[in-house]
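Inspection log for the structure reproduced underneath, given as structure tokens.
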Amino acid sequence: MLLKDEVGMLQRVPLFSGIEPAKLKLLAFTSDRVNYSAGQILFRQGDEGDAAYVILSGKADILVDSDSGPIKVAELLPNSIVGEIAILCNSSRTATVRAATQLEALRIRKDHFLRLMKEFPEMTIEMVRVLADRLSHTTADLIDARSAK
Amino acid sequence: MEPSLARYIWTHTRKQQLWILMIVVLSMIPYFMSFDLPKLIVNGPIQGKGFEQPGATQPFMRLHYDLPFIGDVLFFSGFQLGRKATLLALSLVFLLLVVINGLFKLYINTYKGRLGERMLRRIRFELVDRVLRFPPVYFKRVKSAEVATMVKDEVEPLGGFIGDAFLQPVLLGGQALTAMLFILVQNVWLGMIAFVIVVIQIVLIPRMRRRLIVLGRQRQLTARALSGRVGEIVDGIGAVHVHDTSNYERADIAARLGLIFKIRFDLYQWKFMVKFLNNFLAQITPFLFYMIGGYLAIAGRLNVGQLVAVIGAYKDLPGPMKELIDWDQDRQDVQVKYQQVVEQFTVEDLIAPRIGALMVDDPGPMTNPLSAVSLSIADDGGAMLLDRISLQVKPGETVALVSTATGGAEALAEAFARLNWPDSGRIVSGADDLLELPEAVTGRRMSYASSDVFLFHASLRDNLLYGLKHAPLTSVPYEGAAADQQRWNIAEAHRSGNPDLDVHSDWIDYASAGATGPHGLFEAVRRVLDAVVLSRDILDLGLRSLADLQRHTELAKRIVELRAALRTRLEQEGLSGLVVPFEPGAYNKEATIGQNLLFGAASGLALADKALAANPYFASVLKQAGLDGTLYGMGMEIAEQTIELFADLPPDHQFFQQLAFMSAEEIPAYETLLQRLKNRPYEAVSEADRAMIITLSFAYIEPLHRFGLLSDELMNKIVAARNQFYENLPPELQNAVERYDPAKYIAAATVMDNVLFGRVGNNHPDAPDRIRAIVYDILDELGLYAELLDVGLDFDVGAGGRRLTGGQRQKLDVARALLKRPDFLILNRPLSALDQRMQDKVLRNVLEEARRDDHSPAIVWAVTNPAMAMMFDRVIVFDSGQLVEDGTHETLLAENGIFKELLS
């Protein structure tokens, strides 16, 4: 996959949809293209967050440690971004991400990501929107869980 | 040291001074003969005196003397020579005298020069020897650069002066006196005039020079202070930048230079003033001669011939007088410098020479306990660091020194290491005062490491083994020219009062490290490095270094085996995708185009990096292979893409770290270049511009940069060009590149590159770490681990060890202390740069390593954290310079005292 194809992929990621292609190309160029085979770990729960990943092809599982071993909580499909929370909060990874198939991803380093957010408010707003969306989902889930008890 | 320079010189060079004086007197004979000869030539053969008749002859070399009582005695009647033959013979004698005079001059100058150089060597050695014997407190007060400048620069002029120290006054004084006497004999009054003027010169000039001496001393002191400050700036450059004080430093230096300028200018003014006066006095004498002598002549009281003779003789007086006065100035100048230096090097409490005397044999173990007897130590400000402490450390005991912030444990450790001398009380080993024991005992049977590490600018190995170099243990066999050179070295060393210890001998005391020779030593080295957890760091350094193939032959010999083992292992673990190996007939996609073209490691500057594209031969190969146009097009594409991506970014943007093609500073240049070259056909582009563009393509790696510029056809062409390049490699480039050969070790590449013999895939983020782990594994399996460690030990630690991290330096210092296998191991907060977990680990390892093979040294460890005390037999607690608690860990815990408080 060439740089220009990656730009096409990035444009389809909601977070980056508002950014002009030239800047996306720069982002793609300065990011590392990484390959994983099925079963390889992108990052582990508890690690320090140093990068976010955009899945270009393949699938990955999001796993959370529990007393009875890791539980799969979600699946990542191409065009999704993962690992951005730990970058934003300076916290450690909240989950483990493992490649479920042969996986190609774009690894965006923390300092690059933060710099982009500073330079492109549209991206930051989009970011906030996605996060708020997730928060409302989580809240709804929580209410469901409480009322089901 | 001898305070008077003259006496110092006389003591050491008496015989030589007398010899050279004798030679000089001897040289006067041909010198005066050569004065007389021109007259003989002109009067005799040229003007024809004695050859009035044609065919007349004159005796040549006729020797006859008119002796008292006996009368005229003829020793040799001489050869009878004609006019022309006499001219020839006399001219030849003149030539002979010229040669003899020249040879005398040559001998005298060489002799004086050598005499001076020997003395200079002696003085410098004596100064450094004294530095080695200064008491520790002295070093708190001097700047190293000032001491260095004294040894190097300030004594330098002494060398030039020493040869003339006694010769010049005798010689010139003699000449001046002769001329003076001659004048006096001609006419007493005129002689008196000359005499009075000379007396004025002798009295007045030195008086005026006193100020010169004062200024000279100031000049020396300010120059020394300047070099001290410059040294300080260099050492403290970090602090300067951190605090933005570079302009303060500039101001300080400018002020000092201003002062130095003022002093030097004053000096010149006075110097020339004195010179003027001196010349004036010298010239006033002829004036008086002409006036008074002329008056006397007119008055008929003086014969005109006498007056002319006096004036003629006076010509010979100012010359020697002037030189004599110059000599005197030199003498004073040098004397001042010498005194200044001697003052600085005259220190009380100098360590006696016997303490540091050379001892080749093993002094035997220290079996007595080490005791502090009512020991008090104050710091420079007079505050008590330790106040009448008494304690005893028995052999084999492990003691933790725990201290509150103002405790004094560190001072005690330093006192045990003799780095801090007691103000009262003493430290004894058995019945002997520790300070009275030779260093040959304490330096071998005790060792010391602290947080304040000093490393020499040498390899890791040299620094590690430094603690074992006490005495030359082998005599090196020299042969042929080297043997002559060595004999000369020893003879010269003796003549200058230097020791003749051979620095090339093997100084390493293998036995004290528990080894029998270099090979066994390596085991010991490996163990201590493992103990301080430094081996891995050194292995990493080894992997990243170029191996010295003279020394590490094994690595080169087994490189094929190593590479094969790595391939097999990667296949077994299903990781073959991580490394793409170099194959002579294939394109390596993970390497740059430049690397694929060159397919070798550049070992000089001719083919390295940016010079590659500009190399004419390389360019011609590209042309032949039909690649130049393609790569140019590629370079243009890269330039366009790069500029499109990066042109708007500020030069300090972190994205530039990702850019391999050009630096942020080069972007504007490429931008204009691109504007200029766009739409221009390749043929119309100049060679230099082509190289600028083509060089961009050399950095391109398809999987990393993903511009989609590489086709199969291009890759094939590149592989073909690679072969072409090596086929006709011109001789001047033979040594500029080492071709990648699967069967050969490449000296110009790092060990890691040699083992990998390929490129790590760019798309695997954890590949480098995994591969490194595998490489270590394989090296261990093949028994090459030691070899790699040895390569790592070649690493140059830089000035003061600054190429290592603080933690690495401290670990190295502890390893060095351990390697000696001492009877008393003193450790003074040695690992303060490490985190607590690592300190604990190293502490455990060190205690174990020190006691390996039933060795049981006493270990005194000033700990950084009271919790570390748990590992020791005995714990001693200090507070405000007092010993407050002493006992085992358990008893102290039970006491609920300061120790418990410190622990919580």
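Any read-out appearing in this document is the output of simple, stated calculations on the displayed coordinates, not a laboratory observation. The structure presented is a predicted model; accordingly, all values stated were derived computationally and were not measured. Don't worry about glycine lacking a Cβ; one is built from the backbone with ideal geometry, like all the others, and counts go over all protein chains shown.
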Identify the trypsin sites (Lys or Arg not before Pro) of segment B:76-161 meeting these criteria: DSSP loop state and at most 14 other C-beta atoms within 10 Å of the C-beta. B:ARG141
Expressed in nm to one decimal, what extension gain is obtained for the pair B:GLN836 and B:LYS315 from 0.36 nm per residue of sequence separation less their Cα-Cα distance? 179.0 nm
Under 5 Å, built H, 5+ apart or other chain: amide partners of B:LEU81: B:GLN58, B:PHE60
Specify the longest stretch of chain B that does not include any exposed loop site, a site being one of the chymotrypsin sites (Phe, Trp or Tyr not before Pro) with a non-H, G, I, E, B DSSP assignment and at most 12 other Cβ atoms within 10 Å. B:457-904
Which value in nm describes the separation of the simple spin-label points at B:VAL185 and B:ALA586, placed 7 Å from the Cα toward the beta carbon? 10.4
Cα-based helix-to-principal-axis angle, B:767-781 vs chain B, degrees rounded to 10: 80
Taking Cα atoms, how many degrees apart are the long axis of helix B:518-531 and the longest axis of chain B, rounded to 10 and kept between 0 and 90? 60
Among all stretches of chain B without exposed GluC sites (Glu not before Pro) (DSSP loop, at most 12 other Cβ atoms within 10 Å), which one is longest? B:574-904
Per-residue ³J(HN,Hα) for segment B:843-854, Karplus 6.51 cos²θ - 1.76 cosθ + 1.60, θ = phi - 60°, Hz, x for Gly and Pro: 4, 4, 4, 5, 4, 5, 5, 5, 9, 5, 6, 6
Quick calc, B:ASP548 & B:LEU782: beta-carbon distance into FRET formula, R0 25 Å, rounding 0.05, result 0.80
Please report, to two decimal places, log10 I(q)/I(0) for the protein assembly as shown at q = 0.07 Å⁻¹ as given by the Debye formula with identical point scatterers on the Cα atoms and no solvent. -0.98
If R0 is 60 Å, what FRET efficiency do you get for B:LEU95 and B:VAL476 from their C-beta distance, rounded to 0.05? 0.75
Which ³J(HN,Hα) values in Hz, rounded to whole numbers, follow from the phi angles of segment B:440-457 under the Karplus curve 6.51 cos²θ - 1.76 cosθ + 1.60, where θ = phi - 60° and Gly and Pro get x? 4, 8, 5, x, 9, 9, 10, 9, 9, 9, 9, 6, 8, 8, 10, 10, 7, 6
When we measure straight from the Cα of A:LYS118, which aspartates and glutamates land under 19 angstrom away, once same-chain ones fewer than 8 places off are left out? A:GLU20, A:ASP50, A:GLU84, A:GLU126, B:ASP648, B:ASP652
Take every Cα pair under 8 Å in chain B that's 6+ residues apart, average their separations, divide by the length, and report that relative contact order as a whole percent. 17
For segment B:647-697, run through the trypsin sites (Lys or Arg not before Pro) and keep only the ones in DSSP coil with at most 10 other Cβ atoms within 10 Å of their Cβ. B:LYS678
Report, in listed order, any pair from B:LYS152/B:LYS315; B:LYS337/B:LYS469; A:LYS23/B:LYS589; A:LYS4/B:LYS717 with a Cα-Cα distance greater than 32 Å. B:LYS152/B:LYS315; B:LYS337/B:LYS469
Candidates per trypsin sites (Lys or Arg not before Pro) in segment B:821-876, loop by DSSP, up to 15 other Cβ within 10 Å: B:ARG851
Normalised by the residues of chain A, what does the relative contact order come to in percent, with Cα pairs under 8 Å and at least six apart? 29
Per GNM of chain A with C-alpha springs under 10 angstrom, the most fluctuating residue out of A:LYS59, A:LYS25, A:LYS72 is A:LYS72
Using 0.36 nm per residue, how much length does the chain from B:VAL170 to B:TYR31 gain when fully extended, once their Cα-Cα distance is taken away? 48.3 nm
Whole-Hz ³J(HN,Hα) for each residue in segment B:312-325, computed from phi via Karplus 6.51 cos²θ - 1.76 cosθ + 1.60 with θ = phi - 60°, x for glycine and proline: what do you get? x, 5, 5, 4, 7, 7, x, x, x, 4, 5, 5, 5, 5
When only Cα pairs under 8 Å and 6 or more residues apart are kept, what is the percent relative contact order across segment B:648-798? 13
For the pair B:ASP328 and B:VAL73, the simple spin-label estimate (label points 7 Å beyond Cα toward Cβ) gives in nm 4.6
Contour minus Cα-Cα span, B:VAL128 to B:SER424, at 0.36 nm per residue, comes to 103.7 nm
Using a 7 Å offset from Cα along Cα-Cβ at A:HIS137, what residues in segment A:5-27 end up with backbone N under 20 Å from the label point? A:10-18
Acute angle (nearest 10 degrees) that the helix A:110-119 long axis makes with the longest principal axis of chain A, alpha-carbon atoms: 70
Efficiency by 1/(1 + (r/R0)^6): what FRET value for A:ASP111 and B:HIS241, r their Cβ-Cβ distance, R0 = 22 Å, to the nearest 0.05? 0.40
Which residues qualify? For A:GLN40, with a placed amide H closer than 5 Å and at least 5 residues away or on another chain, they are A:ALA99
Under 14 Å from B:LYS557, Cα to Cα: aspartates and glutamates that are on another chain or at least 8 residues apart: B:ASP548, B:ASP741, B:GLU787
Run through the DSSP bridge list for the protein assembly as shown and note the antiparallel percent, rounded to the nearest 5. 75
